[in-house]
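The values are calculated or read from the model by the stated rules, or taken from the named source; none is laboratory data. Source: prediction; values computed, not measured. As a convention, Cβ positions derive from the backbone with ideal geometry for all residues, glycine included, and neighbour counts pool all protein chains shown. Side chains are part of the model used for accessible areas, which takes the heavy atoms of the whole protein and leaves out ligands, DNA and RNA. Shrake-Rupley method; radii C 1.70, N 1.55, O 1.52, S 1.80 Å.
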Amino acid sequence: MKILVIAGHGAGDCGAVGNGFREADLTRELAGYAVNALNVIADVVIYDTTRNCYRDIKNNANGAKELLKSVDFVLEFHLNSFSSNNAQGIEVLCKRDSVFSRTLAEKVSNCGFSNRGVKLRKDLLNMNYCDTIDKPYVLLECGFITNYHDVSVFKNSQEKIAQAIAQSFKVCYNLEEKKSNSKLYRVQVGAFARRENAEKLKKQLATKGFNCFITPKEDNFYRVQCGAFESESNAINYSNQIKKAGFDAFVKGF
């Protein structure tokens, strides 16, 4: 199964704002965690985080439509907002209700959110385009950015949320974990003798929406790396996104 992950907004469109955060930044954080979790059970592509998929679909740009046609499922991330900071909870938006959409809402809500359930929509551009090409699509509103509780859960539980997303796919589509002896590829962005320099780069990457980690010290270096891709082409694509954001990066197999 090939899954496309889209981080909502971006490229100058910050989305909703609340509690000191911007929606576009948070969706990119979650997308990084989700790609890592989903890669264990599926082939995953992340839409270029330096761009805005909505605009690209609307303007027929960046090969967006062709990319959506090439995958089996489209998963998009957003955060909700409301004039009252009391509104809270996650919800799943889709054109038609399904076992997957209900399972996703339940499993993600179990990470600490209230469950607002599945909402059927007909007015979303990416959703409607996917419908015309007969591609399954869901949009996860992962809490309200205007609600302090939701934002706190989101920031502290992104890995747990990503695992809940992966479990939803695993259960509903009967996906098995990939063989552990298969070759994997990581994107390396830097190597430092001092850990504090590696931590600094990791924070810089996080502000651009890239979820990276620091490896244990080996050969006197701490390495800043992203992902664990089974497909080398997916790793190269992610590396190119990091380069577009102004960082040096290369793909390393292991």
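Given H placed 1.01 Å from N in the peptide plane, which residues other than close sequence neighbours of Val44 have an amide H under 5 Å from its amide H?
Long-range HN contacts for Val44: Ile3.
Report, as a whole number in µm² per second, the diffusion coefficient that Stokes-Einstein gives for the chain at 37 °C and 0.692 mPa s using the Kirkwood radius over alpha carbon pairs.
Roughly 177 µm²/s, to the nearest whole number.
Once you place label points 7 Å from the Cα toward the Cβ at Glu106 and Cys14, how far apart are they in nm?
3.9 nm
Could you list the residues of the stretch 185-215 with an amide nitrogen less than 16 Å from a label point located 7 Å from the Cα of Glu232 in the Cα-to-C-beta direction?
Answer for the stretch 185-215: 185-188.
Going by a ≥ b ≥ c, the root eigenvalues of the Cα gyration tensor, does the stretch 29-134 fall in the rounded group (a/c under 1.5), the prolate group (a/b larger than b/c) or the oblate group?
Cα axes put the stretch 29-134 in the prolate bin.
With r as the distance between the Cβ atoms of Glu196 and Ala87 and R0 = 41 Å, compute the FRET efficiency 1/(1 + (r/R0)^6) and round to 0.05.
Efficiency at R0 = 41 Å is approximately 0.55.
Going through the cross-link list Lys119/Lys244; Lys65/Lys122; Lys135/Lys202; Lys135/Lys208; Lys58/Lys170, which pairs have a Cα-Cα distance over 26 Å in this structure?
Going by Cα-Cα distance, Lys119/Lys244; Lys135/Lys202; Lys135/Lys208; Lys58/Lys170 fall outside the 26 Å limit.
For the chain, give the percent of accessible area contributed by carbon and sulfur heavy atoms, probe 1.4 Å, rounded to a whole number.
Carbon plus sulfur share of accessible area: 46 percent.
For the stretch 98-139, list residues with backbone N below 16 Å from a point placed 7 Å from the Cα of Ala206 toward its Cβ?
Answer for this model: none.
Could you name the aspartates and glutamates whose alpha carbon sits less than 17 Å from that of Lys107, not counting residues in the same chain fewer than 8 places away?
Here the aspartates and glutamates satisfying the reach criterion relative to Lys107 are Glu76, Glu91, Asp97, Glu141, Asp150, Glu159.
Determine the shape class of the stretch 138-220: with a ≥ b ≥ c the square roots of the Cα gyration tensor eigenvalues, call it rounded for a/c under 1.5, and otherwise prolate if a/b is greater than b/c, oblate otherwise.
oblate
Which three semi-axes in whole Å describe the equivalent ellipsoid of the stretch 1-43, each the square root of 5 times a Cα gyration tensor eigenvalue, listed largest first?
25, 11, 6
If you take every DSSP beta bridge fully contained in the chain, what fraction is antiparallel? Give it as a percent rounded to 5. Don't jump to the answer; show the numbers that get you there.
Values: 20 of 39 bridges.
Of the beta bridges lying entirely in the chain, close to 50 percent run antiparallel.
Assigning unit charges at the beta carbon (Lys, Arg +1; Asp, Glu -1) and nothing else, what dipole magnitude in debye, to the nearest 20, does the chain show about its Cα centre?
280 debye
Let me have the relative contact order for the chain, percent, based on Cα pairs under 8 Å that are six or more residues apart.
22 percent
Positive end of the charge dipole of the chain (Lys, Arg +1 and Asp, Glu -1 on Cβ, about the Cα centre): tell me which of Thr27, His9, Ile242 has its Cα farthest that way.
The one lying farthest along the dipole's positive direction is Ile242.
Every cysteine in the chain with no other Cys Cβ under 4.7 Å from its Cβ, please list them in numeric order.
Cys14, Cys53, Cys94, Cys111, Cys130, Cys142, Cys172
Within the stretch 149-243, which trypsin sites (Lys or Arg not before Pro) sit in a loop by DSSP and count at most 13 neighbouring Cβ atoms inside 10 Å?
Answer by residue number: Lys179, Lys183, Arg194, Lys217.
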